[in-house]
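Engineer: Before I ask anything, here is the structure I am working with.
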Amino acid sequence: MARGGPVGSRWTGRLLDLYAGLVLLYLFLPIFVIVSYSFNKPAGKFNFVWKSFSLDAWRDPFLYPALVDAMKMSLKVAAVSTSVSVVFGSLIALALCRYTWKGAGPINLLLVLPLTTPEVVLGSSLLSLFLQVNAPTGFWTVVIAHIMFSVSYVALTVKARIRGFDWTLEEAAMDLGAPPFRTVLKVTLPLIAPGIAAAGMLSFALSLDDFIITLFNAGNQVTYPLYVYGARRAAFPPQINVLATTILVGSLILLGITVLWQNRTMKEAMTK
Amino acid sequence: MAGIAAGGGRRSPVAPYLLVAPGVLWLLAFYVVPTVTLARTSFGPADAAWYDGYQRAFTVYGVHLGRSFGYALAATLVCVLLGYPLAYAIAFRAGKYKNFLLGLVILPFFTTFLVRTFAWKTILNDGGIVVQVLGTIGMLPEEGRLLNTVWAVIGGLSYNFLPFMILPIYVSLEKIDRKLTEAANDLYCNAGQAFRKVVLPLSMPGVLAGSLLTFIPATGDFINAELLGSPNQKMLGSVIQGQFLQVRDYSLAASLSFVLMVIITIMVLLYARALGTEDLA
């Protein structure tokens with residue numbers, strides 16, 4: 001008998017597992033290509049066809065200054081927009097989870113709307129605003145755009161994490177004579193910190209990866225995705241793959257750390 | 001939700017408004033206001049008829065509009081067919097490996113969207129293994145290749161938005177009380193009936209959410225069409241982008257963008273009503 005879900009005979013179960021395995025393989029196919037082609041020595045300027053194994057790109061990852069500048073620009077945009085959107089989003093999440101008030105419904109709707117709008121529409125609407133007020137597009141307009149779409153993700157992520165928390169702990173701290181500021185610092189923040197960290201990582205990753213909205217509002221600034229987009233015409237060096245692989249490994253490590261940390265805070269919260 | 005009630009659900013007249021103020025003002029200024037300016041831009045300069053942009057949008061670019069929705073619909077279907085069984089296998093058959101497998105589902109998406117799509121260019125390349133294998137078994141499309149065909153574009157769209165389908169379906173399957181399927185078995189349902197009558201209906205909210213999360217970005221996407229397709233597969237997003245950034249025909253571009261948004265909003269509402277899930281938020 002199959003445990004849990006209704007799966008007919010053992011054969012149906014096996015077939016299902018096989019199918020699921022194949023879908024997982026499909027998900028990973030491009031990743032194998034990205035990682036292995038970082039070790040390719042392409043014949044021409046375009047790293048699209050396998051030629052021979054080489055460590056050249058890994059030895060010299062910063063060979064193309066324009067690629068390095070684009071990466072720096074992406075990191076700068078992601079850092080600024082994440083720090084702002086994490087504050088804005090977490091405050092919204094706190095307001096939604098801690099208080100019963102009339103504004104909660106409309107605000108939930110306002111948070112979901114940007115997520116159900118295609119990126120082309122988000123990007124072009126913002127550009128039409130910037131054109132209307134004659135604001136030159138560049139670094140700051142990209143940051144404004146990234147904060148806009150990140151706030152929703154941060155608010156919803158933090159909200160999902162802190163929904164079940166016991167806010168009476170705060171009251172307890174205040175009853176014991178802690179001033180409000182200390183209560184926030186010693187009780188509220190540690191409780192919601194893991195949620196905020198997860199939201200921050202999500203916001204950072206989304207910013208680093210965003211292409212369409214950025215394309216509309218970047219002016220002549222170039223972020224990493226915009227560089228890759230331009231590379232389809234000029235040259236597609238394996239250094240692009242090296243960077244993509246590094247980002248993949250970096251986010252894996254970060255993810256591992258936060259998961260461990262969250263498990264620990266959860267356990268602490270449970271035992272207390 | 002119980003947590004809020006237990007926490008006392010404080011009633012403070014000003015505090016929540018103060019807390020949400022910065023974020024909400026930001027969304028009003030850079031989401032709501034731009035939507036209004038987009039509409040205004042679409043009505044064009046004073047010397048042209050207000051509907052000029054829309055007229056050209058439908059007459060010249062109606063085909064791109066239809067294509068975008070067609071491709072997005074096809075990609076959404078592919079995602080259900082690929083994603084549902086995987087989500088099902090993880091939810092019901094993975095045991096203690098559940099979280100690990102979910103991690104595997106998300107992992108590929110830690111690489112940049114554009115680089116991933118370029119990788120598909122390599123995989124589907126004319127001289128590549130995939131084309132050779134399909135050629136040997138006689139399953140290549142009539143163009144004799146995959147790259148620059150509609151198949152590559154729909155494949156790329158399905159690939160890039162698949163996790164948005166898998167995760168909501170998984171969440172809804174995971175929530176199903178295992179006692180219900182046992183009860184169905186006790187009442188002499190066979191496995192197929194138990195699936196059709198119990199599991200499938202209960203997982204529909206997940207399928208609905210996943211379909212919207214796949215369909216909406218897919219209609220607006222133009223990267224897959226640009227990198228994996230030929231000009232014959234050009235999608236509406238490309239046109240909007242080109243008109244806004246290169247041609248600078250703002251009223252046409254804004255009309256196209258606005259039409260896309262309105263159609264999607266209507267479809268989302270109809271779809272939600274048809275499936276009986278009105279509380280999308």
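Engineer: By counting other Cβ atoms within 10 Å of each Cβ, how are B:HIS64, A:HIS146 ranked from fewest to most? Kindly include the intermediate steps, with their values, before the conclusion.
Structural biologist: Numbers: B:HIS64 21, A:HIS146 27.
Fewest-to-most ranking of B:HIS64, A:HIS146: B:HIS64, A:HIS146.
Engineer: So, one more: Treat the stretch A:8-92 as a sphere of radius equal to its Kirkwood radius over Cα pairs and apply Stokes-Einstein at 4 °C in a medium of 1.567 mPa s; give the translational diffusion coefficient in µm²/s, rounded to a whole number.
Structural biologist: Numbers: Rh = 17.4 Å.
For these conditions, the coefficient is 74 µm²/s.
Engineer: Still on this structure: Based on the Cα coordinates of the stretch B:61-274, what is the per residue volume of their convex hull in Å³?
Structural biologist: Once divided by residue count, the hull of the stretch B:61-274 is 151 Å³.
Engineer: What full-extension length gain, to one decimal in nm, is calculated for A:VAL87 and A:THR100 as 0.36 nm per residue of separation minus the Cα-Cα distance?
Structural biologist: 2.6 nm
Engineer: Could you rank the peptides A:148-159, B:191-202 by their average count of other C-beta atoms within 10 Å per residue, with the highest value first?
Structural biologist: The most tightly packed comes first, giving A:148-159, B:191-202.
Engineer: Taking the Cβ of B:GLY237 as the centre, find all other residues whose Cβ is under 14 Å away and add up their charges (Lys, Arg: +1; Asp, Glu: -1).
Structural biologist: Local net charge: -1.
Engineer: Ratio of alpha-carbon Rg to the 2.2 N^0.38 Å globular estimate for the protein assembly as shown, to two decimals, please.
Structural biologist: 1.02
Engineer: By a straight-distance test (C-alpha under 14 Å), which aspartates and glutamates pair with A:LYS72 as possible cross-link partners, with residues fewer than eight away in the same chain excluded?
Structural biologist: Within the straight-line limit of under 14 Å, A:LYS72 reaches these aspartates and glutamates: A:ASP209.
Engineer: Rounded to the nearest 0.05, what FRET efficiency do A:TRP58 and B:THR136 give with R0 = 45 Å and r taken as the Cβ-Cβ distance? Could you check?
Structural biologist: On the way: r = 35 Å, r/R0 = 0.79.
So the FRET efficiency works out to roughly 0.80.
Engineer: Then there is this: Can you pull the mean other chain C-beta count within 10 Å for peptide B:214-223?
Structural biologist: 4
Engineer: Translational diffusion coefficient, Stokes-Einstein: compute it for the stretch A:1-148 using the Kirkwood radius over C-alpha pairs as Rh, at 20 °C and 1.002 mPa s, and state it as an integer in µm² s⁻¹.
Structural biologist: On the way: Rh = 21.3 Å.
Diffusion coefficient, whole number: 101 µm²/s.
Engineer: Fewest Cβ neighbours within 10 Å first, please rank A:SER38, A:SER203 accordingly.
Structural biologist: Going from sparsest to densest Cβ surroundings: A:SER38, A:SER203.
Engineer: Dipole of the protein assembly as shown (Lys/Arg Cβ +1, Asp/Glu Cβ -1, origin at the Cα centre): which of A:PHE165, B:PHE69, A:VAL68 lies farthest to the positive side?
Structural biologist: Comparing the listed Cα positions along the dipole, A:PHE165 ranks first.
Engineer: From other protein chains only, count the Cβ atoms within 10 Å of every residue's Cβ in A:28-41, then give the mean.
Structural biologist: Other-chain Cβ atoms within 10 Å of each residue's Cβ, averaged: 4.
Engineer: Which of the pairs B:LYS98/B:LYS179; A:LYS159/B:LYS98; A:LYS159/A:LYS186; A:LYS102/A:LYS267; B:LYS197/B:LYS234; A:LYS102/B:LYS179 have their Cα atoms more than 31 Å apart in this structure?
Structural biologist: The pairs that break the limit, which is 31 Å between Cα atoms, are A:LYS102/A:LYS267; B:LYS197/B:LYS234; A:LYS102/B:LYS179.
Engineer: Sticking with this one: Using the basic label-point model (7 angstrom from Cα toward the beta carbon), what is the A:ARG182 to A:LYS41 distance in nanometres?
Structural biologist: Between A:ARG182 and A:LYS41, the label points sit 6.7 nm apart.
Engineer: Determine the relative contact order of chain A: mean sequence separation of Cα pairs under 8 Å and six or more apart, normalised by residue count, in whole percent.
Structural biologist: 30
Engineer: What lysines sit close enough to A:LYS51 to cross-link, taking a C-alpha to C-alpha distance under 24 Å and skipping anything fewer than 8 places away on the same chain?
Structural biologist: Partners found: A:LYS41, B:LYS121.
Engineer: Just counting partner chain Cβ atoms within 10 Å, what average do the residues of peptide B:81-88 show around their Cβ? If you can, show how the numbers build up before the last one.
Structural biologist: Values: counts 2, 6, 1, 1, 8, 9, 2, 5.
Other-chain Cβ atoms within 10 Å of each residue's Cβ, averaged: 4.
Engineer: Right, another one. How many percent of the alpha carbon pairs in the stretch A:136-272 exceed a separation of 28 Å?
Structural biologist: That tail contains 39 percent of the Cα-Cα pairs.
Engineer: If each residue's Cβ is checked for other Cβ atoms within 10 Å, how do A:VAL86, A:VAL80, A:VAL120 rank with the fewest at the top?
Structural biologist: A:VAL80, A:VAL86, A:VAL120
Engineer: May I pose another question? Suppose a student asked you for the relative contact order of the stretch A:73-196, using Cα pairs under 8 Å spaced at least 6 residues apart; what percent would you report?
Structural biologist: 41
All of the numbers you see were taken from the coordinates with simple rules; none came from a lab. Everything numeric in this text was worked out from a predicted model, so none of it was measured. Please note: Cβ atoms are built from the backbone with ideal geometry, for glycine as well, and neighbour counts cover all protein chains shown.
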